[in-house]
Amino acid sequence: MWRGLGDARALAGAHALKPWSASGRSRAFDAASDGATPGEGAACVVLKRLDDALRDGDRVYAVIKGLGSATGGGCDDISPSISACVESLRRAYDEAKVDASTVGLLECHASGDPREDKSEASALVEVFGAAEAELPSALSSAKSVIGHAGAASGLAGLVKAALALYQEILPPGLEIASPIAPLASAK
């Protein structure tokens, strides 16, 4: 069924830890979600200090001002906990000196794994609710387009968000027919 999507042993190992979607569709943040779909991807970005890029006349797609990361510690010690996701978001916004209420696009992890999505969605509601702001209207995830491509998924999300900024176009959002509980109760 998943021909051409990488080493079968890696796919089987990943499936043993977190089963792939039986339906073959990634339904991030949706109550009907039954797991991620496998995918492949590759991307390359050139990181350069902004002053140097401007001096050299380089095209600048985006400026990274803050980073956050959340891994493990959740209900299965593989998926991130809600508190890890919240801390990741707050660290990135604090480092970037950006008010979360000014964000118009969230490029999410949103794998379609129900446990991961619940932690991430709960964190989004906590962080954006704390600012008395509604969640941004544009929730996006590269995984909904290319599947879960392992480490390349994060880079695909970065490229997708950078191109959205550069082109000043919001990419199509996630198709959420029935939002999971944390999002269904969001403002």
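For a test of the definition: using alpha carbon positions, the gyration tensor, and the 1.5 limit on a/c, classify the chain as rounded, prolate or oblate. Taking the square roots of the gyration eigenvalues as a ≥ b ≥ c, the chain is oblate. Length available on full extension from Tyr61 to Ala151: 0.36 nm per residue minus the Cα-Cα distance, which gives 30.3 nm. Close amide H pairs (under 5 Å, H built 1.01 Å from N) link Ala138 with Leu106, residues at least 5 positions away or on another chain. Near the amide H of His148, within less than 5 Å, lie the amide hydrogens of Thr37, Gly39, all on another chain or at least 5 residues away, with H placed in the peptide plane. Taking Ser83, Ser33, Ser111 as the candidate residues, the one with maximal mean-square fluctuation in a Gaussian network model of the chain, Cα springs under 10 Å, is Ser83. Rounded to the nearest whole Hz, the Karplus-based 3J(HN,Hα) values (6.51 cos²θ - 1.76 cosθ + 1.60, θ = phi - 60°) of region 164-176 follow the sequence 4, 5, 4, 8, 6, 10, 7, x, x, x, 6, 8, 10, with x at glycine and proline. Our estimate of slack between Ser23 and Thr71, defined as 0.36 nm per intervening residue step minus the Cα-Cα distance, is 14.7 nm. Helix-only arithmetic for the chain: the sum of -39500 (n - 2.57) across DSSP H runs with n ≥ 4, divided by the residue total, places the mean residue ellipticity at 222 nm at -11500 deg cm²/dmol. Counted without the sites themselves, the longest stretch of the chain free of GluC sites (Glu not before Pro) in a DSSP loop having at most 10 other beta carbon atoms within 10 Å is 1-131.
Any read-out appearing in this document is the output of simple, stated calculations on the displayed coordinates, not a laboratory observation. Because the structure is a prediction, the values reported are computed rather than measured. Every residue, glycine among them, receives a Cβ derived from its backbone with ideal geometry; neighbour counts consider all protein chains shown.
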